[in-house]
1. Go through the stretch 184-199 and report how many residues are over 16 Å from residue 102 (Cβ atoms) and modelled with pLDDT of 95 or more.
2. Test residue 231 against the stated conditions and say whether it is at pLDDT 80 or above and loosely packed, with under 10 Cβ neighbours inside 10 Å.
3. (1) surrounded by fewer than 18 Cβ atoms within 10 Å (Cβ to Cβ); (2) within 38 Å of the chain's Cα centre (by Cα); (3) assigned to a loop (DSSP other than H, G, I, E, B): which one isn't true of residue 133, the others all being true?
4. Can you tell which of 250, 243 is in contact with a strand residue (DSSP E or B) (Cβ under 7 Å, 6 or more places away or on another chain), at pLDDT below 65, loosely packed, with under 10 Cβ neighbours inside 10 Å and farther than 18 Å from residue 92 by Cα?
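The values are calculated or read from the model by the stated rules, or taken from the named source; none is laboratory data. From a predicted model like this one, the values you see are computed outputs, not experimental measurements. Quick reminder, even Gly has a Cβ in these numbers, built from the backbone with ideal geometry, and neighbours come from all protein chains shown.
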């Protein structure tokens, strides 16, 4: 009985029952479906327009995400711009003033007994004043073969030596940075017109220039551009520039 009642209920919901054997009513006379009908509500103009708007909005969000992923990220307003590197302040000062030209650089030997250049040769005229590059105590002032040599102990295992020079500062004298300790003489391997300067750390020769100049390795910093001065991103590989014609006749981008 339940199976026979279902068609009757459908006919009653859609319209009056049709007598058996009677011709079906004209299509124009059939009652219109109510907008409350779930079948009719899915195909109503308002429903179709709403679905189209949702699809359009979802496509717009997806396109914006793709473009944002390919574009370079702009710096945030609160991101600090990298400041210029701090001015380097060397621990020592040059023994000559003004800063001299370098005649021969530091070239240590591979072994202690091999030949090499265990210091630097600085251009300086005879009689130029020699100053202590750092504070310390004079531990040697005398002749070595045919030239005068002066050695200053700066503490911490560091010692500096100068030759050739004329000096009257005796061993044991305490000197401060910039104190005159003598004048450029003659008789060195680079004379006339030069001063040989050597530095030792715990007996090993070191490059004297590392104590008076910036020898730190260079570090690349990220380039910082204000938003208005940021360079435009380059075109991706394979993209045809505007105005260029493709292989299809009459088709341009």
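1. Qualifying residue count for the region: 0.
2. No: the conditions fail for residue 231.
3. Exception for residue 133: condition (1).
4. 243
Condition check ((1) out of contact with any strand residue (DSSP E or B) (no Cβ under 9 Å at 6 or more places or on another chain); (2) surrounded by 10 or more Cβ atoms within 10 Å (Cβ to Cβ); (3) farther than 30 Å from residue 188 by Cβ; (4) modelled with pLDDT of 90 or more) across all residues:
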| residue | (1), (2), (3), (4) |
| --- | --- |
| 60 | yes, yes, yes, no |
| 75 | yes, yes, yes, no |
| 82 | yes, yes, yes, no |
| 87 | yes, no, yes, no |
| 92 | no, yes, no, yes |
| 107 | no, yes, no, yes |
| 122 | no, yes, no, yes |
